[in-house]
1. Of the residues 3, 42, which is outside any helix (DSSP H, G or I), open to solvent by 30 Å² or more (accessible area, probe 1.4 Å) and out of contact with any strand residue (DSSP E or B) (no Cβ under 6 Å at 6 or more places or on another chain)?
2. Consider only pairs whose beta carbons are under 6 Å apart and that are at least six residues apart or on different chains; among these, list those whose first residue lies in the range 130-157 and is assigned to a loop (DSSP other than H, G, I, E, B) and whose second residue is loosely packed, with under 12 Cβ neighbours inside 10 Å.
3. Being more than 30 Å from residue 148 (Cα to Cα), in contact (Cβ under 8 Å) with a residue 12 or more places away in the chain and under 21 Å from the mean Cα position of the chain (by Cα) narrows it down to one of 25, 4, 31, so name that one.
4. Taking the range 98-108, which residues are outside any helix (DSSP H, G or I) and either open to solvent by less than 30 Å² (accessible area, probe 1.4 Å) or among the basic types (Lys, Arg) (or both)?
5. Determine if the range 82-94 includes at least one residue that is modelled with pLDDT of 95 or more, touching a Ser or Thr at 6+ places or on another chain (Cβ under 9 Å), part of a loop (DSSP other than H, G, I, E, B) and within 22 Å of residue 8 (Cα to Cα).
6. Under the condition of being within 14 Å of the chain's Cα centre (by Cα) and more than 13 Å from residue 124 (Cβ to Cβ), which residue from the range 134-144 is surrounded by the most Cβ atoms within 10 Å (Cβ to Cβ)?
7. Within the bounds of the range 30-38, is there any residue that is polar (S, T, N, Q) and part of a helix (DSSP H, G or I)?
Amino acid sequence: ILSAQCTDVQVNLVTPALFAKYPDARALSVAKPEDVETLIKSTGFFRNKTKSLLGMSARVSDVHGGEIPQTMEELVKLPGVGRKTANVVLGNAFDRNEGVVVDTHVTRLSQRLALSRETDPVKIEQDLIALYPRERWTMLSHLLISHGRAVCDATQARCEACAVSHLCPSSRV
(Lines give C-alpha, C1' and ligand atoms only; values in the text may rest on other atoms or scores of the structure.)
Protein backbone atom coordinates (compact mmCIF):
# COMPACT_ATOMS: atom_id res chain seq x y z
CA ILE A 1 0.00 0.00 0.00
CA LEU A 2 2.81 2.40 0.85
CA SER A 3 4.78 1.61 -2.30
CA ALA A 4 2.26 3.09 -4.75
CA GLN A 5 3.94 5.95 -6.63
CA CYS A 6 6.87 5.78 -4.21
CA THR A 7 10.36 4.35 -4.13
CA ASP A 8 11.30 1.34 -2.02
CA VAL A 9 13.96 3.51 -0.38
CA GLN A 10 11.34 5.95 0.91
CA VAL A 11 9.00 3.17 2.05
CA ASN A 12 11.89 1.58 3.95
CA LEU A 13 12.55 4.89 5.70
CA VAL A 14 9.01 5.20 7.08
CA THR A 15 8.14 1.60 7.94
CA PRO A 16 10.32 1.20 11.07
CA ALA A 17 8.48 4.00 12.89
CA LEU A 18 5.09 2.89 11.52
CA PHE A 19 5.60 -0.73 12.62
CA ALA A 20 7.03 0.33 15.99
CA LYS A 21 3.93 2.38 16.75
CA TYR A 22 1.46 -0.09 15.19
CA PRO A 23 2.92 -3.60 15.48
CA ASP A 24 -0.16 -5.49 14.27
CA ALA A 25 -3.39 -5.08 12.33
CA ARG A 26 -5.51 -4.46 15.43
CA ALA A 27 -3.26 -1.62 16.64
CA LEU A 28 -3.25 0.01 13.19
CA SER A 29 -7.01 -0.39 12.76
CA VAL A 30 -7.70 1.90 15.75
CA ALA A 31 -5.03 4.48 14.92
CA LYS A 32 -5.96 8.12 14.47
CA PRO A 33 -5.76 8.96 10.77
CA GLU A 34 -3.74 12.11 11.42
CA ASP A 35 -1.13 10.11 13.35
CA VAL A 36 -0.70 7.65 10.47
CA GLU A 37 -0.64 10.52 7.95
CA THR A 38 2.22 12.16 9.85
CA LEU A 39 4.25 8.95 9.80
CA ILE A 40 3.76 8.21 6.10
CA LYS A 41 3.52 11.72 4.63
CA SER A 42 6.85 11.45 2.81
CA THR A 43 5.57 8.51 0.71
CA GLY A 44 3.12 10.76 -1.15
CA PHE A 45 -0.64 10.34 -1.48
CA PHE A 46 -0.59 9.94 2.30
CA ARG A 47 -4.30 10.63 2.86
CA ASN A 48 -5.42 7.89 0.46
CA LYS A 49 -2.74 5.53 1.75
CA THR A 50 -3.84 6.19 5.33
CA LYS A 51 -7.45 5.41 4.40
CA SER A 52 -6.34 2.17 2.73
CA LEU A 53 -4.07 1.17 5.62
CA LEU A 54 -6.80 1.75 8.20
CA GLY A 55 -9.41 -0.07 6.09
CA MET A 56 -7.07 -2.95 5.33
CA SER A 57 -6.05 -3.39 8.96
CA ALA A 58 -9.66 -3.23 10.15
CA ARG A 59 -10.69 -5.93 7.67
CA VAL A 60 -7.70 -8.12 8.56
CA SER A 61 -8.59 -7.75 12.25
CA ASP A 62 -12.34 -8.10 11.99
CA VAL A 63 -12.76 -10.61 9.16
CA HIS A 64 -9.51 -12.57 9.29
CA GLY A 65 -8.75 -12.63 13.02
CA GLY A 66 -5.62 -10.53 12.59
CA GLU A 67 -4.05 -12.92 10.07
CA ILE A 68 -3.22 -11.88 6.51
CA PRO A 69 -5.38 -13.89 4.09
CA GLN A 70 -3.59 -16.39 1.88
CA THR A 71 -5.72 -16.32 -1.25
CA MET A 72 -5.88 -13.88 -4.15
CA GLU A 73 -9.64 -13.65 -3.76
CA GLU A 74 -9.45 -12.54 -0.12
CA LEU A 75 -6.38 -10.32 -0.51
CA VAL A 76 -7.88 -8.18 -3.28
CA LYS A 77 -10.91 -7.53 -1.05
CA LEU A 78 -8.64 -5.63 1.34
CA PRO A 79 -8.72 -1.85 0.85
CA GLY A 80 -5.67 -0.67 -1.09
CA VAL A 81 -4.71 -4.16 -2.26
CA GLY A 82 -4.81 -5.04 -5.95
CA ARG A 83 -3.35 -7.93 -7.92
CA LYS A 84 0.19 -6.56 -7.79
CA THR A 85 0.24 -6.29 -4.00
CA ALA A 86 -1.58 -9.60 -3.61
CA ASN A 87 1.00 -11.31 -5.85
CA VAL A 88 3.83 -9.81 -3.77
CA VAL A 89 2.27 -11.08 -0.53
CA LEU A 90 1.39 -14.52 -1.86
CA GLY A 91 4.73 -15.12 -3.55
CA ASN A 92 7.04 -13.72 -0.90
CA ALA A 93 5.21 -14.28 2.38
CA PHE A 94 3.43 -17.53 1.56
CA ASP A 95 5.55 -19.02 -1.27
CA ARG A 96 2.49 -19.25 -3.51
CA ASN A 97 2.79 -18.51 -7.21
CA GLU A 98 -0.65 -17.20 -8.08
CA GLY A 99 0.55 -14.64 -10.61
CA VAL A 100 3.37 -12.35 -11.68
CA VAL A 101 4.01 -9.00 -10.01
CA VAL A 102 3.81 -6.34 -12.72
CA ASP A 103 5.28 -3.01 -11.68
CA THR A 104 6.83 -0.27 -13.81
CA HIS A 105 10.08 -2.23 -14.22
CA VAL A 106 8.32 -5.44 -15.27
CA THR A 107 6.13 -3.46 -17.66
CA ARG A 108 9.15 -1.78 -19.27
CA LEU A 109 11.22 -4.94 -19.59
CA SER A 110 8.29 -7.02 -20.87
CA GLN A 111 7.95 -4.58 -23.73
CA ARG A 112 11.67 -4.12 -24.41
CA LEU A 113 12.25 -7.88 -24.41
CA ALA A 114 9.11 -8.39 -26.55
CA LEU A 115 7.52 -10.62 -23.92
CA SER A 116 4.34 -8.57 -24.17
CA ARG A 117 2.95 -5.83 -26.36
CA GLU A 118 0.40 -4.88 -23.74
CA THR A 119 0.46 -1.81 -21.51
CA ASP A 120 -2.18 -2.91 -19.02
CA PRO A 121 -0.57 -4.72 -16.03
CA VAL A 122 -3.23 -7.45 -15.92
CA LYS A 123 -2.73 -8.23 -19.62
CA ILE A 124 1.07 -8.17 -19.22
CA GLU A 125 0.72 -10.57 -16.30
CA GLN A 126 -1.35 -12.94 -18.45
CA ASP A 127 1.27 -12.82 -21.22
CA LEU A 128 4.08 -13.62 -18.76
CA ILE A 129 2.06 -16.40 -17.12
CA ALA A 130 1.70 -18.02 -20.54
CA LEU A 131 5.47 -17.88 -21.16
CA TYR A 132 6.90 -19.13 -17.86
CA PRO A 133 6.21 -22.12 -15.61
CA ARG A 134 4.19 -21.35 -12.46
CA GLU A 135 7.03 -22.25 -10.09
CA ARG A 136 9.11 -19.40 -11.54
CA TRP A 137 6.59 -16.55 -11.40
CA THR A 138 7.72 -14.97 -8.12
CA MET A 139 11.40 -15.17 -9.05
CA LEU A 140 10.66 -13.87 -12.55
CA SER A 141 9.26 -10.69 -11.02
CA HIS A 142 12.30 -10.27 -8.78
CA LEU A 143 14.71 -10.80 -11.67
CA LEU A 144 12.95 -8.38 -14.00
CA ILE A 145 12.66 -5.72 -11.29
CA SER A 146 16.31 -6.11 -10.31
CA HIS A 147 17.45 -5.99 -13.94
CA GLY A 148 15.25 -2.97 -14.57
CA ARG A 149 16.80 -1.10 -11.66
CA ALA A 150 20.42 -2.09 -12.24
CA VAL A 151 20.81 -2.33 -16.02
CA CYS A 152 17.73 -1.62 -18.08
CA ASP A 153 16.77 1.69 -16.54
CA ALA A 154 13.85 3.69 -17.94
CA THR A 155 15.98 6.64 -19.01
CA GLN A 156 19.35 5.03 -19.60
CA ALA A 157 19.38 1.40 -20.63
CA ARG A 158 22.93 0.06 -20.34
CA CYS A 159 22.73 -2.42 -23.20
CA GLU A 160 26.53 -2.82 -23.29
CA ALA A 161 26.40 -4.21 -19.72
CA CYS A 162 23.33 -6.39 -20.28
CA ALA A 163 23.69 -10.15 -20.00
CA VAL A 164 20.73 -10.72 -22.31
CA SER A 165 21.39 -8.00 -24.90
CA HIS A 166 21.94 -10.68 -27.55
CA LEU A 167 18.34 -11.85 -27.01
CA CYS A 168 16.79 -8.40 -26.71
CA PRO A 169 15.08 -6.89 -29.74
CA SER A 170 15.51 -3.43 -28.17
CA SER A 171 19.25 -3.77 -27.63
CA ARG A 172 21.46 -1.03 -28.97
CA VAL A 173 24.56 -3.25 -29.11
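1. On the way: 42 fails: outside any helix (DSSP H, G or I).
Of the residues listed, the single one that is outside any helix (DSSP H, G or I), open to solvent by 30 Å² or more (accessible area, probe 1.4 Å) and out of contact with any strand residue (DSSP E or B) (no Cβ under 6 Å at 6 or more places or on another chain) is 3.
2. Sorted first by the residue in the range 130-157, then by its partner, the pairs are 151/161.
3. Working: 4 fails: more than 30 Å from residue 148 (Cα to Cα); 31 fails: under 21 Å from the mean Cα position of the chain (by Cα).
Only one candidate qualifies: 25.
4. Just the residues of the range 98-108 that are outside any helix (DSSP H, G or I), to begin with: 98-103.
Selection gives 99, 100, 101, 102, 103.
5. The answer is no; no qualifying residue exists.
6. We begin by selecting, within the range 134-144, every residue within 14 Å of the chain's Cα centre (by Cα); these are 137-144.
Imposing the further condition that a residue be more than 13 Å from residue 124 (Cβ to Cβ) reduces the set to 138-139, 142-143.
Numbers: 138: 21, 139: 12, 142: 13, 143: 13.
Filtering first and then ranking leaves 138.
7. Here is the first cut: in the range 30-38, the ones polar (S, T, N, Q) are 38.
Next, only the ones that are part of a helix (DSSP H, G or I) stay: 38.
Yes: the range 30-38 contains one or more residues that are polar (S, T, N, Q) and part of a helix (DSSP H, G or I).
The values are calculated or read from the model by the stated rules, or taken from the named source; none is laboratory data. All values reported here derive from a predicted model rather than from experimental measurement. Positions of Cβ are backbone-derived with ideal geometry, glycine not excepted, and every protein chain shown enters the neighbour counts. Remember, those area values only see protein heavy atoms, side chains included, never the ligands or the DNA or RNA. Shrake-Rupley method; radii C 1.70, N 1.55, O 1.52, S 1.80 Å.
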